[in-house]
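Participant: First the structure, which I've put down as C-alpha coordinates, then a few questions once you've had a look.
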Amino acid sequence: LDTVTELEGLINRSTVHKITTFQDKYLEVIKNLEKIEGNIIGLSTGFQDLDNATGGICAPDLIVLAAGPGEGKSSFALNIANHVSLHHGKVLFYSYEMKEEQLIHRMMANDLELPIIDIRKGRIPVNVLEKCKSYNADIKIYDKGSIPLEEIAFTAKYENMINPVKLIIIDYLQLVSPGIYGKKGQNRNDEVGTITR
(Lines give C-alpha, C1' and ligand atoms only; values in the text may rest on other atoms or scores of the structure.)
Protein backbone atom coordinates (compact mmCIF):
# COMPACT_ATOMS: atom_id res chain seq x y z
CA LEU A 1 0.00 0.00 0.00
CA ASP A 2 2.82 2.40 0.87
CA THR A 3 4.47 1.70 -2.47
CA VAL A 4 1.20 2.31 -4.36
CA THR A 5 0.62 5.58 -2.43
CA GLU A 6 4.18 6.74 -3.13
CA LEU A 7 3.75 5.86 -6.81
CA GLU A 8 0.46 7.80 -7.01
CA GLY A 9 2.14 10.79 -5.35
CA LEU A 10 4.99 10.63 -7.86
CA ILE A 11 2.54 10.45 -10.79
CA ASN A 12 0.54 13.40 -9.41
CA ARG A 13 3.71 15.50 -9.02
CA SER A 14 4.92 14.64 -12.52
CA THR A 15 1.57 15.50 -14.13
CA VAL A 16 1.35 18.99 -12.63
CA HIS A 17 2.69 20.20 -15.97
CA LYS A 18 0.99 19.06 -19.16
CA ILE A 19 2.59 15.88 -20.43
CA THR A 20 3.23 16.17 -24.15
CA THR A 21 4.06 13.46 -26.63
CA PHE A 22 7.14 13.57 -28.81
CA GLN A 23 4.89 14.43 -31.78
CA ASP A 24 3.40 17.41 -29.86
CA LYS A 25 6.86 18.71 -29.01
CA TYR A 26 8.04 18.19 -32.60
CA LEU A 27 5.11 20.24 -33.95
CA GLU A 28 5.80 22.96 -31.35
CA VAL A 29 9.41 23.21 -32.56
CA ILE A 30 8.21 23.49 -36.18
CA LYS A 31 5.81 26.33 -35.19
CA ASN A 32 8.66 28.15 -33.44
CA LEU A 33 10.91 27.75 -36.48
CA GLU A 34 8.23 29.25 -38.72
CA LYS A 35 8.35 32.45 -36.62
CA ILE A 36 12.08 32.94 -37.25
CA GLU A 37 12.89 35.59 -39.81
CA GLY A 38 16.28 35.63 -41.47
CA ASN A 39 19.32 33.76 -40.21
CA ILE A 40 19.37 34.85 -36.56
CA ILE A 41 17.65 32.48 -34.18
CA GLY A 42 19.34 33.70 -31.00
CA LEU A 43 21.00 36.89 -29.81
CA SER A 44 22.94 38.76 -32.48
CA THR A 45 26.61 39.30 -31.64
CA GLY A 46 27.16 42.41 -33.74
CA PHE A 47 29.40 40.42 -36.09
CA GLN A 48 27.26 39.66 -39.14
CA ASP A 49 29.43 36.87 -40.59
CA LEU A 50 29.51 35.11 -37.22
CA ASP A 51 25.74 35.48 -36.79
CA ASN A 52 25.13 34.10 -40.30
CA ALA A 53 27.39 31.12 -39.59
CA THR A 54 25.98 30.31 -36.13
CA GLY A 55 22.47 31.77 -36.07
CA GLY A 56 23.50 33.93 -33.11
CA ILE A 57 23.93 33.03 -29.44
CA CYS A 58 21.25 30.57 -28.41
CA ALA A 59 20.39 29.50 -24.86
CA PRO A 60 21.41 27.19 -23.25
CA ASP A 61 24.62 27.01 -25.30
CA LEU A 62 28.03 27.07 -23.67
CA ILE A 63 30.37 28.79 -26.10
CA VAL A 64 34.13 28.63 -25.59
CA LEU A 65 36.19 31.31 -27.30
CA ALA A 66 39.74 30.05 -27.77
CA ALA A 67 42.84 31.66 -29.28
CA GLY A 68 46.47 32.24 -28.42
CA PRO A 69 47.68 34.83 -25.89
CA GLY A 70 47.23 38.45 -26.95
CA GLU A 71 44.98 37.64 -29.92
CA GLY A 72 42.03 39.71 -28.68
CA LYS A 73 39.74 37.19 -26.95
CA SER A 74 38.79 39.63 -24.18
CA SER A 75 38.18 42.51 -26.60
CA PHE A 76 36.08 40.28 -28.84
CA ALA A 77 34.01 39.04 -25.88
CA LEU A 78 33.60 42.62 -24.63
CA ASN A 79 32.38 43.76 -28.06
CA ILE A 80 29.79 40.96 -28.06
CA ALA A 81 28.76 41.88 -24.49
CA ASN A 82 28.36 45.52 -25.50
CA HIS A 83 26.27 44.69 -28.57
CA VAL A 84 24.02 42.21 -26.74
CA SER A 85 23.45 44.64 -23.85
CA LEU A 86 22.53 47.50 -26.20
CA HIS A 87 20.18 45.43 -28.38
CA HIS A 88 18.85 42.53 -26.30
CA GLY A 89 19.23 43.17 -22.57
CA LYS A 90 21.34 42.61 -19.49
CA VAL A 91 24.80 41.01 -19.69
CA LEU A 92 26.95 39.78 -16.80
CA PHE A 93 30.69 39.97 -17.39
CA TYR A 94 32.95 38.15 -14.91
CA SER A 95 36.49 39.42 -15.43
CA TYR A 96 39.36 37.53 -13.83
CA GLU A 97 42.14 39.60 -15.40
CA MET A 98 41.00 43.15 -16.06
CA LYS A 99 39.34 45.66 -13.77
CA GLU A 100 36.09 47.41 -14.67
CA GLU A 101 37.85 50.68 -15.54
CA GLN A 102 40.16 48.89 -18.02
CA LEU A 103 37.15 47.28 -19.69
CA ILE A 104 35.39 50.65 -19.92
CA HIS A 105 38.52 52.15 -21.51
CA ARG A 106 38.37 49.43 -24.17
CA MET A 107 34.68 50.10 -24.82
CA MET A 108 35.35 53.85 -25.16
CA ALA A 109 38.26 53.22 -27.53
CA ASN A 110 35.97 51.07 -29.67
CA ASP A 111 33.12 53.63 -29.63
CA LEU A 112 35.38 56.57 -30.43
CA GLU A 113 37.69 54.66 -32.79
CA LEU A 114 40.71 55.92 -30.89
CA PRO A 115 43.84 54.08 -29.70
CA ILE A 116 43.38 52.84 -26.15
CA ILE A 117 46.54 54.67 -25.06
CA ASP A 118 44.80 57.98 -25.94
CA ILE A 119 41.85 57.02 -23.74
CA ARG A 120 44.13 56.07 -20.84
CA LYS A 121 46.03 59.37 -21.11
CA GLY A 122 42.83 61.40 -21.41
CA ARG A 123 43.61 62.59 -24.93
CA ILE A 124 39.98 62.67 -26.04
CA PRO A 125 38.64 65.51 -28.18
CA VAL A 126 35.60 66.99 -26.40
CA ASN A 127 33.48 66.94 -29.55
CA VAL A 128 33.77 63.15 -29.93
CA LEU A 129 32.52 62.21 -26.44
CA GLU A 130 28.93 62.40 -27.66
CA LYS A 131 29.71 59.41 -29.91
CA CYS A 132 30.01 57.14 -26.87
CA LYS A 133 27.15 54.64 -27.14
CA SER A 134 28.37 52.22 -24.50
CA TYR A 135 27.18 54.34 -21.56
CA ASN A 136 23.70 52.96 -22.35
CA ALA A 137 24.97 49.39 -22.15
CA ASP A 138 23.27 47.20 -19.54
CA ILE A 139 26.42 45.37 -18.44
CA LYS A 140 27.20 44.36 -14.87
CA ILE A 141 30.93 43.73 -14.43
CA TYR A 142 32.25 41.55 -11.62
CA ASP A 143 35.99 42.15 -11.50
CA LYS A 144 37.02 40.76 -8.12
CA GLY A 145 39.39 38.38 -9.88
CA SER A 146 38.94 35.43 -7.51
CA ILE A 147 35.24 34.67 -7.72
CA PRO A 148 34.57 30.97 -7.02
CA LEU A 149 31.98 29.06 -9.03
CA GLU A 150 29.29 29.19 -6.34
CA GLU A 151 29.54 33.00 -6.25
CA ILE A 152 29.07 33.15 -10.03
CA ALA A 153 25.97 30.95 -9.67
CA PHE A 154 24.59 33.03 -6.78
CA THR A 155 25.19 36.45 -8.36
CA ALA A 156 23.81 35.29 -11.73
CA LYS A 157 20.59 34.02 -10.10
CA TYR A 158 20.30 37.21 -8.03
CA GLU A 159 20.87 39.49 -11.05
CA ASN A 160 18.36 37.49 -13.08
CA MET A 161 15.70 38.00 -10.38
CA ILE A 162 16.21 41.78 -10.54
CA ASN A 163 16.20 41.94 -14.34
CA PRO A 164 16.41 38.98 -16.78
CA VAL A 165 19.99 38.21 -17.85
CA LYS A 166 20.46 37.57 -21.57
CA LEU A 167 24.14 36.58 -21.59
CA ILE A 168 26.87 35.62 -19.12
CA ILE A 169 30.53 35.98 -20.10
CA ILE A 170 33.42 34.62 -18.04
CA ASP A 171 36.88 35.91 -18.89
CA TYR A 172 38.50 33.54 -18.43
CA LEU A 173 37.59 29.93 -17.65
CA GLN A 174 41.02 28.65 -16.58
CA LEU A 175 41.09 31.08 -13.66
CA VAL A 176 37.71 30.06 -12.21
CA SER A 177 37.90 28.12 -8.95
CA PRO A 178 35.38 25.25 -8.59
CA GLY A 179 34.89 26.30 -4.94
CA ILE A 180 32.41 24.09 -3.11
CA TYR A 181 31.73 22.12 -6.32
CA GLY A 182 35.31 20.86 -6.46
CA LYS A 183 36.30 17.46 -5.13
CA LYS A 184 39.41 16.66 -3.16
CA GLY A 185 42.20 15.27 -5.33
CA GLN A 186 40.75 16.55 -8.63
CA ASN A 187 43.31 17.53 -11.24
CA ARG A 188 42.80 20.79 -13.16
CA ASN A 189 41.22 19.02 -16.16
CA ASP A 190 38.58 17.49 -13.88
CA GLU A 191 38.00 20.88 -12.24
CA VAL A 192 37.44 22.56 -15.61
CA GLY A 193 35.01 19.76 -16.50
CA THR A 194 33.12 20.44 -13.25
CA ILE A 195 33.06 24.18 -13.93
CA THR A 196 31.77 23.83 -17.50
CA ARG A 197 29.06 21.41 -16.39
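Participant: Which of the residues that make up segment 113-130 are modelled with pLDDT of 85 or more and surrounded by 13 or more Cβ atoms within 10 Å (Cβ to Cβ)?
Facilitator: Leu114, Ile116, Asp118, Ile119, Arg120
Participant: On to the next question. Of the residues Ala53, Ala59, Ala67, only one is more than 27 Å from Ser146 (Cβ to Cβ) and part of a loop (DSSP other than H, G, I, E, B); which? Steps first, answer last, please.
Facilitator: Working: Ala53 fails: part of a loop (DSSP other than H, G, I, E, B); Ala67 fails: more than 27 Å from Ser146 (Cβ to Cβ).
Among Ala53, Ala59, Ala67, only Ala59 is more than 27 Å from Ser146 (Cβ to Cβ) and part of a loop (DSSP other than H, G, I, E, B).
Participant: Taking segment 8-49 on its own, how many of its residues are modelled with pLDDT under 80, assigned to a loop (DSSP other than H, G, I, E, B) and open to solvent by 90 Å² or more (accessible area, probe 1.4 Å)?
Facilitator: Residues meeting the conditions: 6.
Participant: Considering segment 50-61 alone, what residues qualify as being open to solvent by 40 Å² or more (accessible area, probe 1.4 Å) and of a type outside the set (D, E, K, R)? Outline the logic, then answer.
Facilitator: From segment 50-61, those open to solvent by 40 Å² or more (accessible area, probe 1.4 Å) are 50, 52-54, 59-61; that's our starting set.
Matches in segment 50-61: Leu50, Asn52, Ala53, Thr54, Ala59, Pro60.
Participant: Search segment 81-90 for residues being in a helix (DSSP H, G or I) and buried (at least 18 other Cβ atoms within 10 Å of the Cβ), and hand back the single one that is nearest to the chain's Cα centre (by Cα). Lay out the reasoning, then the answer.
Facilitator: At the first step, the residues of segment 81-90 found to be in a helix (DSSP H, G or I) are 81-87.
Okay, now just the ones that are also buried (at least 18 other Cβ atoms within 10 Å of the Cβ), so 81-85.
Numbers: Ala81: 8, Asn82: 11, His83: 12, Val84: 9, Ser85: 11 Å.
Residue satisfying both the conditions and the ranking: Ala81.
Participant: Could you grab the pairs with beta carbons closer than 7 Å, sequence gap of 6+ or different chains, first residue in segment 136-164 and under 21 Å from Ile80 (Cα atoms), second one open to solvent by 30 Å² or more (accessible area, probe 1.4 Å) and acidic (Asp, Glu)?
Facilitator: Filtered contacts from segment 136-164: Ile141/Glu100; Asp143/Glu100.
Participant: While we're on this one: From Asn163, Asn136, which residue is in contact with a Leu (Cβ under 8 Å, 6 or more places away or on another chain), polar (S, T, N, Q) and surrounded by fewer than 16 Cβ atoms within 10 Å (Cβ to Cβ)? Don't jump to the end; show me each part of the working.
Facilitator: Details: Asn163 fails: in contact with a Leu (Cβ under 8 Å, 6 or more places away or on another chain).
Checking each option against the conditions leaves just Asn136.
Participant: Residues that are over 17 Å from Leu62 (Cα atoms) and small (Gly, Ala, Ser), at least 1 per element: which helices (runs of 4 or more DSSP H) completely within segment 91-197 meet that?
Facilitator: Details: elements: 100-112, 116-120, 149-162, 188-196.
Ranges flagged: 100-112.
Participant: While we're looking at this one, here's another question. Please enumerate the residues belonging to segment 62-80 that are touching a residue at least 12 places away in the same chain (Cβ under 8 Å), closer than 30 Å to Asn32 by Cα and open to solvent by 40 Å² or more (accessible area, probe 1.4 Å).
Facilitator: Result: Leu62, Val64, Leu65, Asn79.
Participant: Please verify whether Ile141 is out of contact with any helix residue (DSSP H, G or I) (no Cβ under 6 Å at 6 or more places or on another chain) and either open to solvent by less than 30 Å² (accessible area, probe 1.4 Å) or small (Gly, Ala, Ser) (or both), treating the condition exactly as stated. Step through it out loud before you land on a result.
Facilitator: Details: out of contact with any helix residue (DSSP H, G or I) (no Cβ under 6 Å at 6 or more places or on another chain): no; either open to solvent by less than 30 Å² (accessible area, probe 1.4 Å) or small (Gly, Ala, Ser) (or both): yes.
Spelling it out, it is not the case that Ile141 is out of contact with any helix residue (DSSP H, G or I) (no Cβ under 6 Å at 6 or more places or on another chain) and either open to solvent by less than 30 Å² (accessible area, probe 1.4 Å) or small (Gly, Ala, Ser) (or both).
Participant: Those residues that are open to solvent by 80 Å² or more (accessible area, probe 1.4 Å) and touching a Leu at 6+ places or on another chain (Cβ under 6 Å), I need them from segment 169-197; list them, please.
Facilitator: Tyr181
Participant: Here is a further query. Answer with yes or no whether Ala109 is open to solvent by less than 40 Å² (accessible area, probe 1.4 Å), free of Cβ contacts under 8 Å to residues at least 24 places away in the same chain and among the hydrophobic types (A, V, I, L, M, F, W, C). Spell out the reasoning first.
Facilitator: Values: open to solvent by less than 40 Å² (accessible area, probe 1.4 Å): yes; free of Cβ contacts under 8 Å to residues at least 24 places away in the same chain: yes; among the hydrophobic types (A, V, I, L, M, F, W, C): yes.
Here the answer is yes, as Ala109 does meet what is asked.
Participant: Okay, next question. Of the numbered conditions (1) of a type in the set (A, V, I, L, M, F, W, C); (2) farther than 30 Å from His88 by Cα; (3) touching a Ser or Thr at 6+ places or on another chain (Cβ under 9 Å), Ile180 satisfies every one except a single condition; which is it?
Facilitator: Of everything listed in (1) of a type in the set (A, V, I, L, M, F, W, C); (2) farther than 30 Å from His88 by Cα; (3) touching a Ser or Thr at 6+ places or on another chain (Cβ under 9 Å), Ile180 misses just condition (3).
The values are calculated or read from the model by the stated rules, or taken from the named source; none is laboratory data. Treat the numbers as computed from the prediction; the structure is a model and nothing was measured. No Cβ is skipped: glycine too gets one built from the backbone with ideal geometry, and neighbour counts run over all protein chains shown. Just the protein is used for accessible areas: all its heavy atoms, side chains included, with ligands, DNA and RNA removed. Shrake-Rupley method; radii C 1.70, N 1.55, O 1.52, S 1.80 Å.
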